[in-house]
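See below for the structure under consideration.
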Amino acid sequence: MKTIMVRYKVKPEHVAENETLVRAVYEELGQAKPDGFQYATFRLDDGVSFAHIASIETDDGRSPLADIAAFKRFTDNIRERCDEEPVTAELTEVGSFRFFGQQ
């Protein structure tokens with residue numbers, strides 16, 4: 001399993017647009033239902049920062065987001081929407097409790 005976090009800050013006037021684009025990604029993921037993939041997006045308490053966390057357990061290790069048209073639309077103009085560009089970090093799990101759907 002590979003877990004990745006992406007964090008960025010959008011310009012205040014782009015918060016609603018960013019959330020609309022993110023929701024479109026989830027709508028398409030809900031239709032595609034890719035196996036071995038869990039994904040969550042959070043808006044932080046400053047109202048303009050976002051964090052995306054993906055858990056990837058696909059057979060080939062690839063994120064299925066690359067195949068999601070709505071994700072391509074989301075990333076097309078991300079730099080223009082941002083005050084702070086996306087920073088990606090691979091996370092190493094130290095512990096979790098029911099975070100990744102465990103029972």
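In what sequence do Phe97, Phe37 fall when counting other Cβ within 10 Å, fewest first?
Arranged by neighbour count, lowest to highest, Phe97, Phe37 become Phe97, Phe37.
Taking 0.36 nm per residue of sequence separation and subtracting the Cα-Cα distance, how much length would be gained by fully extending the chain between Lys11 and Glu27, in nm to one decimal?
Taking 0.36 nm per residue and subtracting the Cα distance, the gain is 3.4 nm.
Below 8 Å between Cα atoms, with a sequence gap of 6+, how large is the relative contact order for the chain in percent?
44
Run lengths n ≥ 4 of DSSP H only: what is the helix-derived mean residue ellipticity at 222 nm for the chain, with -39500 (n - 2.57) per run over all residues, to the nearest 500?
-8500 deg cm²/dmol, from helical runs alone.
Could you list Thr75, Thr92 in order of exposure, starting from the residue whose Cβ has the fewest other Cβ atoms within 10 Å?
Thr92, Thr75
For the pair Thr20 and Arg79, how long in nm is the line joining their label points, each one 7 Å along Cα→Cβ?
Reported label-point gap for Thr20 and Arg79 is 2.3 nm.
Which three extents, in angstrom, do the Cα atoms of the chain have along their principal axes, listed largest first?
39, 29, 21
Just to confirm my numbers, what's the Cα centroid distance between the stretch 2-38 and the stretch 40-61 in Å?
Taking the Cα centre of the stretch 40-61 as reference, the centre of the stretch 2-38 is 7 Å away.
Could you run the Karplus curve 6.51 cos²θ - 1.76 cosθ + 1.60 with θ = phi - 60° over the stretch 49-62 and give me ³J(HN,Hα) per residue in whole Hz, x for Gly and Pro?
With the stated coefficients, the stretch 49-62 comes to 9, 10, 10, 10, 10, 10, 10, 10, 10, 6, 4, 9, x, 7 Hz.
Would you order Tyr39, Tyr26 from fewest to most other beta-carbon atoms within 10 Å of each residue's own beta-carbon?
Tyr26, Tyr39
Helix 15-32 versus the longest principal axis of the chain: what is the Cα-based angle in degrees, 0 to 90, to the nearest 10?
The angle comes out near 30 degrees.
Read-outs throughout are calculated quantities, based only on the coordinates presented, and are distinct from any laboratory measurement. Bear in mind that the values here come from a model prediction, so they are computed numbers and not experimental data. Please note: Cβ atoms are built from the backbone with ideal geometry, for glycine as well, and neighbour counts cover all protein chains shown.
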